[in-house]
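Undergrad: Structure provided below as structure tokens; questions to follow.
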Amino acid sequence: MSLTPADSTWTVDHPDALAPASARPATIGCVIPAYNEEGTIADVLDSLLAQTRLPNVIHVVVNNTTDATAEIAGHYAGLHVRGEGHAMQATEIFVHDIGENPDKKVGALNYGFALVEHMDYLLGVDGDTTADPRALESLATEIQSDDRIGGISAIYSIDDTGLTGWFEKFLIAGQRAQFAAFNLQNLLRGRNMAVLGGQYSLFSIEALHAVVEQSRQRSPWVRDSEIEDSLLSLQIKSAGYLTKISADARANVGGMTDLRSLDAQQVKWNTGAIDLMWPGQRGDTKGQPFHPNLRLRWFENGSMILNAFTRLGFVVLLVCSLAFHAFEFRLWWLIPPVIATALNTRIALAMHGANRRDYIFAMTLAPAELYMWIRLGHFARSWAKFLSRSQTDNWALQAKAERGGGGRAYLAPYAVVALLVVALVAAWSQLPAGAKSDALLVGWTVLGVTTIAQTAWLLTRVLRRHRGFRA
């Protein structure tokens, strides 16, 4: 099915299109790669049509779809005009069903880029992302204020309305907190965005052309990485442009409501990030461990290693101490969880539109701790895939997981941890009494020093000024 006219470059006939760039309003072409989005595509288009600043054109690029996405989007095809006189705005929606596409989202984005590359900016919107009415106006104002900006991203969160089960609410609360922490880190780093997420970002067409020329690519997006938006962000930065996060443009992305799909999404993201970070040549893209956009990725991975070490170490030492009748509780042990709770609460207070569930998640510790264990599972699976050089299509695995398939591979890290704890405790139990005592002393000392350092770092984040930014 195709609802695209033979000539989709209608904007050339607009009187402003032939004027010098400095004398006319900037033109924005919106591209929506849509894969099985029948449940959300109408909301996405309604959100775009409700923007205070309309895109000049909207291209819905339907690909590999087996549902009614194209038919639903087709109801919106055509010219949409609102206002009168100087306040009049117009946008035209085209729907392209490109059928089976081996490059999936990357192919859909490049198809859309070819349709709007004569314009000034490209707005990339995922098929499940809606935005506040002033989002595009804010992005456009910010990117036009500085010619050095090659791309700018909205502040992302997840809509938590309409959830039913308690576990869905828990997972979405965890993802909202995860997004908020990531947003804050970028906002407080001079609003330099590590990843221009494809969910709702505005790109300079000039910057995208620079990437194509400098990287010797045919198009801006390539499948050299599991996370095409991270790779493009690195390339935009390497081409001499800035990658920014907006100060106030906001968008809600689709969240994952079960462990299987959340695992598939996070493993795809993490594996792709590791591939970009790792030194040397792997595939067609050389690792860039010292790229400025990857500093936050290194910090995240280091932080997860520390979290895994302290939690696993505590479990092993606690079991061994109880078995040896040598466990003595110390009141100061409560300081780390108190500081962690304070940080979670601080992040919740900084969240735009935080609600009761966000505060309960942050202030009761147990939900945040359980979600951290879930994230550690994603982290372990990502590194295992990377180091084993597993050749899997993580895009396909995520799509399969979101359809309810994919098995229970996400449980594998916890089975391994359980076996590791049993093995360590069993090995410790074979030691002589004196050696057991010495092992516990060394273990608790190392864990204590590590936890003190980790807690001190958390405290600096608790005390850090947010300078009015809202995540």
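The values are calculated or read from the model by the stated rules, or taken from the named source; none is laboratory data. What you see is a predicted model; the values in this text were computed from it and never measured. Counting neighbours? That spans all protein chains shown, and the Cβs are built from the backbone with ideal geometry, glycine included.
Undergrad: Among the residues of the stretch 251-278 satisfying the criterion of being more than 18 Å from SER201 (Cβ to Cβ) and outside any helix (DSSP H, G or I), which is modelled with the lowest pLDDT?
TA: TRP278
Undergrad: Counting only residues that are assigned to a loop (DSSP other than H, G, I, E, B) and of a type outside the set (Gly, Ala, Ser), which one in the stretch 8-30 is modelled with the highest pLDDT? Spell out how you get there, then give the answer.
TA: Going through the stretch 8-30, the residues assigned to a loop (DSSP other than H, G, I, E, B) turn out to be 8-9, 14, 19-20, 24-27.
Next, from what is left, pick out any that are of a type outside the set (Gly, Ala, Ser): 9, 14, 20, 24-25, 27.
On the way: THR9: 32, HIS14: 40, PRO20: 43, ARG24: 66, PRO25: 84, THR27: 97.
The selected residue is THR27.
Undergrad: For the stretch 191-215, which positions are touching an Asp or Glu at 6+ places or on another chain (Cβ under 7 Å), assigned to a loop (DSSP other than H, G, I, E, B) and not small (Gly, Ala, Ser)?
TA: VAL195, LEU196, GLN199, listed by residue number.
Undergrad: Okay, moving on. Considering the stretch 246-262 alone, what residues qualify as being of a type outside the set (Lys, Arg), closer than 27 Å to PHE386 by Cβ and over 13 Å from the mean Cα position of the chain (by Cα)?
TA: Residues of the stretch 246-262 that are of a type outside the set (Lys, Arg), as a first pass: 246-249, 251-259, 261-262.
In the following step, the residues that additionally are closer than 27 Å to PHE386 by Cβ were identified as 253-259, 261-262.
Of everything in the stretch 246-262, those that are of a type outside the set (Lys, Arg), closer than 27 Å to PHE386 by Cβ and over 13 Å from the mean Cα position of the chain (by Cα) turn out to be THR257, ASP258, LEU259, SER261.
Undergrad: In the list PRO5, PRO55, PRO33, which residue meets the criterion of being in a loop (DSSP other than H, G, I, E, B) and at pLDDT 95 or above? Show your work before the answer.
TA: Numbers: PRO5 fails: at pLDDT 95 or above; PRO33 fails: in a loop (DSSP other than H, G, I, E, B).
Selected residue: PRO55, the only one of PRO5, PRO55, PRO33 that is in a loop (DSSP other than H, G, I, E, B) and at pLDDT 95 or above.
Undergrad: Quick one: SER153 ticks every box in (1) buried (at least 19 other Cβ atoms within 10 Å of the Cβ); (2) hydroxyl-bearing (Ser, Thr, Tyr); (3) more than 30 Å from SER225 (Cα to Cα) except a single one, so which number is it?
TA: Evaluating SER153 over (1) buried (at least 19 other Cβ atoms within 10 Å of the Cβ); (2) hydroxyl-bearing (Ser, Thr, Tyr); (3) more than 30 Å from SER225 (Cα to Cα) leaves (3) as the failure.
Undergrad: Out of the residues in the stretch 39-97 that are within 25 Å of the chain's Cα centre (by Cα) and of a type in the set (Ser, Thr, Tyr), which is surrounded by the fewest Cβ atoms within 10 Å (Cβ to Cβ)?
TA: Looking at the filtered set, the residue picked out is THR40.
Undergrad: With the requirement that a residue be acidic (Asp, Glu) and under 23 Å from GLU117 (Cβ atoms), what does the stretch 36-92 give you?
TA: The answer is GLU92, and nothing else.
Undergrad: Here are LEU202, LEU196: which of them is in contact with a strand residue (DSSP E or B) (Cβ under 8 Å, 6 or more places away or on another chain), crowded, with 23+ Cβ neighbours inside 10 Å, modelled with pLDDT of 95 or more and not β-branched (Val, Ile, Thr)? Please lay out each step first, then the result.
TA: Values: LEU196 fails: modelled with pLDDT of 95 or more.
Within the list LEU202, LEU196, the selection yields LEU202.
Undergrad: Only one of (1) modelled with pLDDT under 90; (2) buried (at least 17 other Cβ atoms within 10 Å of the Cβ) fails for GLY313. Which number is that?
TA: Result: GLY313 passes all but (1).
Undergrad: Select from the stretch 59-104 the residues that are of a type in the set (D, E, K, R) and outside any loop (DSSP other than H, G, I, E, B) and write down the one among them that is farthest from LEU48 (Cα to Cα). Walk me through how you get there before you give the answer.
TA: Residues of the stretch 59-104 of a type in the set (D, E, K, R): 67, 71, 82, 84, 92, 97, 100, 103-104.
Checking the rest, the ones that are also outside any loop (DSSP other than H, G, I, E, B) come to 71, 82, 92, 97, 104.
Values: GLU71: 18, ARG82: 13, GLU92: 11, ASP97: 20, LYS104: 23 Å.
Among those that are of a type in the set (D, E, K, R) and outside any loop (DSSP other than H, G, I, E, B), it is LYS104.
Undergrad: Right, next: Return the total of residues in the stretch 139-150 being buried (at least 22 other Cβ atoms within 10 Å of the Cβ) and in a helix (DSSP H, G or I).
TA: 3
Undergrad: Still on this model: Against the definition (more than 27 Å from LEU163 (Cβ to Cβ), touching a helix residue (DSSP H, G or I) at 6+ places or on another chain (Cβ under 8 Å), surrounded by fewer than 22 Cβ atoms within 10 Å (Cβ to Cβ) and of a type in the set (Phe, Trp, Tyr)), how does TRP298 come out, yes or no?
TA: On the way: more than 27 Å from LEU163 (Cβ to Cβ): yes; touching a helix residue (DSSP H, G or I) at 6+ places or on another chain (Cβ under 8 Å): yes; surrounded by fewer than 22 Cβ atoms within 10 Å (Cβ to Cβ): yes; of a type in the set (Phe, Trp, Tyr): yes.
So TRP298 passes the test.
Undergrad: Only one of ALA251, ALA264, ALA308 is touching a Ser or Thr at 6+ places or on another chain (Cβ under 8 Å) and touching a residue at least 60 places away in the same chain (Cβ under 8 Å); which?
TA: On the way: ALA264 fails: touching a Ser or Thr at 6+ places or on another chain (Cβ under 8 Å); ALA308 fails: touching a Ser or Thr at 6+ places or on another chain (Cβ under 8 Å).
When all the criteria are applied, what remains is ALA251.
Undergrad: Right, here's the next one. Taking the options ASP229, ASP224, ASP248, name whichever one is in a helix (DSSP H, G or I), among the charged types (D, E, K, R) and over 29 Å from GLU369 (Cβ atoms).
TA: Details: ASP224 fails: in a helix (DSSP H, G or I); ASP248 fails: in a helix (DSSP H, G or I).
None of the other options fit; the residue is ASP229.
Undergrad: Looking at the stretch 284-333 only, could you name the residues that are in contact with a Gly (Cβ under 8 Å, 6 or more places away or on another chain) and either of a type in the set (Asp, Glu) or within 25 Å of ALA456 (Cα to Cα) (or both)?
TA: The answer is GLY313, VAL316, LEU317.
Undergrad: As an exercise: evaluate TYR121 against (1) surrounded by 21 or more Cβ atoms within 10 Å (Cβ to Cβ); (2) without any contact (Cβ under 8 Å) to a residue 12 or more places away in the chain and give the number of the one condition it does not meet.
TA: (2)
Undergrad: Continuing with the same structure: Go through the residues of the stretch 443-459 one by one and say whether even a single one is more than 19 Å from ILE335 (Cα to Cα) and out of contact with any helix residue (DSSP H, G or I) (no Cβ under 8 Å at 6 or more places or on another chain).
TA: no
Undergrad: Next question, about the same structure. Of everything in the stretch 304-346 that's of a type in the set (Gly, Ala, Ser) and in a helix (DSSP H, G or I), which residue is nearest to LEU424 (Cα to Cα)?
TA: Within the stretch 304-346, the first condition is being of a type in the set (Gly, Ala, Ser), and the residues that meet it are 308, 313, 321, 323, 326, 340, 342.
Now narrow it down to the ones that are in a helix (DSSP H, G or I): 308, 313, 321, 323, 340, 342.
Working: ALA308: 16, GLY313: 10, SER321: 13, ALA323: 13, ALA340: 28, ALA342: 33 Å.
If we take residues in the stretch 304-346 being of a type in the set (Gly, Ala, Ser) and in a helix (DSSP H, G or I), then GLY313 is nearest to LEU424 (Cα to Cα).
One line per residue, one yes/no per condition, for (1) of a type outside the set (A, V, I, L, M, F, W, C); (2) not assigned by TED's automatic domain parsing to the domain that holds GLY353:
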position	(1), (2)
SER233	yes, yes
LYS237	yes, yes
ARG250	yes, yes
ASP263	yes, yes
GLN266	yes, yes
ILE274	no, yes
GLU300	yes, no
ILE305	no, no
THR310	yes, no
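Undergrad: Also, quick follow-up: From the list PHE327, PHE290, exactly one residue is touching a helix residue (DSSP H, G or I) at 6+ places or on another chain (Cβ under 6 Å), without any contact (Cβ under 8 Å) to a residue 12 or more places away in the chain and surrounded by fewer than 15 Cβ atoms within 10 Å (Cβ to Cβ). Which is it? Spell out how you get there, then give the answer.
TA: Details: PHE290 fails: touching a helix residue (DSSP H, G or I) at 6+ places or on another chain (Cβ under 6 Å).
When all the criteria are applied, what remains is PHE327.
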